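Shown next, in structure tokens, is the structure this report addresses.
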Amino acid sequence: MNHKDDSAYCDHELANFQVEVQKILAKYRMLIKFGPMLGLMGTLIPMGPALVGLAVGDIASMAYNMQVAFATTVIGMLVAGIGLCALQLNQRYYAGYLNDLEFIIAKITTE
């Protein structure tokens, strides 16, 4: 309210808020991107020893490495799913909050 006559200042503060929100949402976007990436790496790394185990006839070693490979894929996708859910919830929350702030700024700067 102290700066209601200065619409440029109000717009600047609103833009600063948007930047802070983007910083918060970036954490969730990183989960969405890095989860599958790490899951894929965790899948491919044990595949080498699994194929070696298959080549030499060590089925137990191959089965263990395949189990590790599939588990890391599932964990990577789970991390991405959690990140996606958190991103969606936070985007909705901040969109509503930003809409309210824009309304308030429009009201106080036009009076």
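Bear in mind that the values in this text are calculations on the coordinates, not laboratory data. Computed from a predicted model, the values in this text were never measured in an experiment. Glycine also receives a Cβ, built like all others from the backbone with ideal geometry; neighbour counts cover every protein chain displayed.
Set side by side, the residues G57, G96 differ, and just one is at positive phi and loosely packed, with under 15 Cβ neighbours inside 10 Å, which is G57.
Restricting region 19-36 to residues that are exposed (fewer than 14 other Cβ atoms within 10 Å of the Cβ) and within 28 Å of N65 (Cα to Cα) leaves a set whose member that is farthest from the chain's Cα centre (by Cα) is K33.
State all residues of region 66-92 that are under 30 Å from V52 (Cα atoms) and either touching a Leu at 6+ places or on another chain (Cβ under 8 Å) or surrounded by fewer than 15 Cβ atoms within 10 Å (Cβ to Cβ) (or both); if no residue qualifies, say none.
If the condition is that a residue be under 30 Å from V52 (Cα atoms) and either touching a Leu at 6+ places or on another chain (Cβ under 8 Å) or surrounded by fewer than 15 Cβ atoms within 10 Å (Cβ to Cβ) (or both), then Q67, A69, F70, A71, T72, T73, V74, I75, G76, M77, L78, V79 are the ones that fit.
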